[in-house]
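J.: Structure below; questions to follow.
The values are calculated or read from the model by the stated rules, or taken from the named source; none is laboratory data. Nothing here was measured: the structure is a model prediction, and the numbers come from that model. No Cβ is skipped: glycine too gets one built from the backbone with ideal geometry, and neighbour counts run over all protein chains shown. Accessible surface is based on the protein model in full, side chains and every heavy atom, while ligands, DNA and RNA are left aside. Shrake-Rupley method; radii C 1.70, N 1.55, O 1.52, S 1.80 Å.
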Amino acid sequence: MMTYDRNRNSITTGSRVMINGTGQTGVITAIHGDGMTPGDLRRSKTVEVEGCEGQYQPVELIRLGLN
C-alpha cells in the first residue's frame, strides 16, 4: 500500500522514514489502510515503523532517501 508523508513524498512498506517530533528513524514494516480513502489514510494511525512502538499517521512521517 502507498500513501504520502508530511511533505507529499510517496511512502510504502520498506521506506526509511523519520518520525516528526521525536527524530526516531526506521523502516516502514506495515501500512494498515484497507478500505480507507486516501485522505482518511493520511490522517489515521495506520503505519508501523520498525524499532518504534505504536502506529503513526503518515503526516507524522518524513521520508528519508528515494525508496
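J.: Tell me, what % of the accessible area of the chain is carbon and sulfur with a 1.4 angstrom probe?
T.: Carbon plus sulfur share of accessible area: 47 percent.
J.: Can I ask one more? Run the simple label-point estimate for Met36 and Glu50 please: 7 Å along Cα→C-beta, distance reported in nm.
T.: Going by the 7 Å Cα→Cβ label model, 2.2 nm.
J.: In debye to the nearest 20, how big a dipole does the chain give about its Cα centre with +1 on each Lys and Arg Cβ and -1 on each Asp and Glu Cβ?
T.: For this selection, approximately 280 debye.
J.: Next up: Probe of 1.4 angstrom, ligands and nucleic acids ignored: what's the accessible area per residue over segment 2-57, in square angstrom?
T.: Averaged over the residues of segment 2-57, the accessible area is 58 Å².
J.: So how far apart, in nm, are the two label points at Thr25 and Met1 if each is 7 Å from Cα heading toward Cβ?
T.: Calculated label separation equals 2.6 nm.
J.: May I pose another question? Please identify, among Thr37, Thr29, Thr13, the residue showing maximal mean-square fluctuation in a Gaussian network model of the chain using a 10 angstrom Cα cutoff.
T.: Its mean-square fluctuation being the largest, the pick is Thr37.
J.: Label point 7 Å out from Asn9 along Cα-to-Cβ: which residues of segment 20-40 have amide N under 19 Å?
T.: 20-31
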